[in-house]
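The values are calculated or read from the model by the stated rules, or taken from the named source; none is laboratory data. Predicted, not measured: the structure shown is a model, and the values here were computed from it. Reconstructed Cβ throughout: ideal geometry from the backbone, glycine too, with neighbour counts over all protein chains shown. Accessible surface is based on the protein model in full, side chains and every heavy atom, while ligands, DNA and RNA are left aside. Shrake-Rupley method; radii C 1.70, N 1.55, O 1.52, S 1.80 Å.
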Amino acid sequence: MKNNFFFVKLPSYLIILIPFLLISGSFLPDLAVSICALIFIVNTIKNSLNSYYDNKFVKYFFIFWFILIVSSLLSDHLFYSFFKSFVYVRFLLFSLCLWFLLDENENLLKYIFYSFLFCFLILIFDGYFQFFVERNILGWPLIDSRVSSLFKDELILGSYFSRVFPIFFAIYIWLSSQKIILKKYDNFFIFLIIFLFICIDILIFLSGERVALFYLNLFSIFVIFFIPSYKKIRIFTILISILIIFSISIFKSSFSDRVFGKTLYQLSNNYESTLNEDLLKKDKIYVFSKEHEDHYKSAVLMFLDNKIFGIGPYGFKKNCHLDKYKTSTESCSTHPHNTYIQILAELGILGMFFVLFVFISFMFYLLKNLFYKKIFTDFQVGLLSCFLITLWPFIPTGSFFNNWLSVIYYYPLGIFIWSCNLKKKE
């Protein structure tokens, strides 16, 4: 291809760097995604890459994008909502760019694998250093007995691991199946996977991120049931991790109090009570916490006021302060902390129907793959675990439209579409 550097090498470098850029915050990875998207638009026009748009994943996305645009046009904050909705297409273009690059050179997966691996090893070393010394290698201290490593005061170390490790694991399965990882190194890489599983299990616990811990367990269940060749490895690593976490909890109770004690505390309606009171004796139990429940109530009021198209993308934080949506002094936030409730409030019935359709279809094909016919390879199943984490409904979440999260959402999508197209060719 002419202009190989601009169309192939430059976006490849950016994609390889994204695991590192995610550690810096949302600006740099979003910038990398935007550059890749713009390059792919130019590439599409110059080299007639129209075939990349002719698949059901792209069609589904454009339906969702259309709902975003219409909902924005009907919102009270038209310019703000419309601009953010319009440029949301960059994430699809980024996925298509990744698909194109893998068509050009499937060895790109090997470099992505080593990029993730290098990031993990740095964060693991720094995270445990911070746990033992109470300051990381840059001198940043623990925050409320929580390990944050290079994320500093952004307490998202656990979220990073729980969301991107499944991508890394899926790529490892691909490299192993294609013998790109040489057979003589098989035992080393199996040991490495075991080491990473255990270290990441414990580090997510030490990060105090309860949702990340849930996602890791969800991914583990996924591996055990849907990728049988790694079932024994995952069960073994879970048992070792539980043993170590239990030991840490005995000697440093502040870490277990955050994960277990505070969870029970927030479920209770009596915020003045102590952690050791019997939760079952309380006259009310909240959905995750009082704050979460208040967010959900406000979001439902917004939906009831705008049933078809919702209040508009990114509209929750713009409207939650209004008296008609305020349910308490704590009901206002940047987002309602649940993907489906956010979609219901901001995109209405149409948006909710679309997302539910995607999730139900996803579960249908997964169960079909498990009980009836093997539709997906183990590599694809590993990638599908990323989408399961993204779409799982019964858990507090970040904003669905958050740039940092969106980069992670759409990163495995490009790889997955490439794998489906590759399988179709074969």
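Residue-level analysis places residue 416 among those that are assigned to a helix (DSSP H, G or I), touching a Leu at 6+ places or on another chain (Cβ under 6 Å) and buried (at least 19 other Cβ atoms within 10 Å of the Cβ). Going by the conditions given, is residue 16 closer than 30 Å to residue 346 by Cα, open to solvent by less than 50 Å² (accessible area, probe 1.4 Å) and of a type in the set (Val, Ile, Thr)? No: the conditions fail for residue 16. Among the residues making up the stretch 346-366, those that are more than 21 Å from the chain's Cα centre (by Cα) and either open to solvent by less than 60 Å² (accessible area, probe 1.4 Å) or in contact (Cβ under 8 Å) with a residue 60 or more places away in the chain (or both) are 348, 350. Scanning the stretch 371-392 for residues that are over 13 Å from the mean Cα position of the chain (by Cα) and in a loop (DSSP other than H, G, I, E, B) yields a count of 6.
For the list (1) within 19 Å of residue 168 (Cα to Cα); (2) of a type in the set (A, V, I, L, M); (3) open to solvent by 30 Å² or more (accessible area, probe 1.4 Å), I need the number of the one condition that residue 143 fails. Only one criterion is unmet by residue 143, namely (1). Figure legend. Inter-residue proximity from the stretch 30-46: first residues small (Gly, Ala, Ser), second residues open to solvent by 60 Å² or more (accessible area, probe 1.4 Å) and assigned to a helix (DSSP H, G or I), beta-carbon distance below 8 Å, spacing 6+ or different chains. Indicated pairs: 32/17.
Inside the stretch 20-34, residues that are part of a helix (DSSP H, G or I) and open to solvent by less than 60 Å² (accessible area, probe 1.4 Å) make up a count of 8. Regarding residue 85, is this residue modelled with pLDDT under 95, closer than 22 Å to residue 409 by Cβ, over 24 Å from the mean Cα position of the chain (by Cα) and in a helix (DSSP H, G or I)? It is false that residue 85 is modelled with pLDDT under 95, closer than 22 Å to residue 409 by Cβ, over 24 Å from the mean Cα position of the chain (by Cα) and in a helix (DSSP H, G or I). Taking the conditions (1) touching a Lys or Arg at 6+ places or on another chain (Cβ under 8 Å); (2) farther than 21 Å from residue 60 by Cα; (3) open to solvent by 10 Å² or more (accessible area, probe 1.4 Å) in turn, residue 337 satisfies each one other than (1).
Is there any pair with a first residue in the stretch 206-229 that is open to solvent by 70 Å² or more (accessible area, probe 1.4 Å) and a second that is in a helix (DSSP H, G or I) whose Cβ atoms are under 7 Å apart and which are 6 or more apart or on different chains, and what are they? As it stands, the answer is 225/370; 229/378, since those pairs meet every condition given. The combined condition, being assigned to a helix (DSSP H, G or I), modelled with pLDDT of 90 or more, out of contact with any His (no Cβ under 8 Å at 6 or more places or on another chain) and not aliphatic (A, V, I, L, M), is not fulfilled by residue 246.
In the stretch 312-342, the qualifying residues are those that are aromatic (Phe, Trp, Tyr) and assigned to a loop (DSSP other than H, G, I, E, B), and the one that is farthest from residue 88 (Cα to Cα) is 325. Quick one: is residue 116 among the aromatic types (Phe, Trp, Tyr), open to solvent by less than 50 Å² (accessible area, probe 1.4 Å) and assigned to a helix (DSSP H, G or I)? Yes; evaluated as a whole, the condition is true for this residue. Specify which of the listed residues (175, 102) is in contact with a Ser or Thr (Cβ under 9 Å, 6 or more places away or on another chain), open to solvent by less than 10 Å² (accessible area, probe 1.4 Å) and under 23 Å from residue 227 (Cβ atoms). None of the others qualify; the one that does is 102.
Within the stretch 35-55, the set of residues being surrounded by fewer than 17 Cβ atoms within 10 Å (Cβ to Cβ) and within 24 Å of the chain's Cα centre (by Cα) comprises 35, 38, 55.
Against the list (1) over 20 Å from residue 313 (Cβ atoms); (2) not in a loop (DSSP other than H, G, I, E, B), the condition residue 395 fails is (2).
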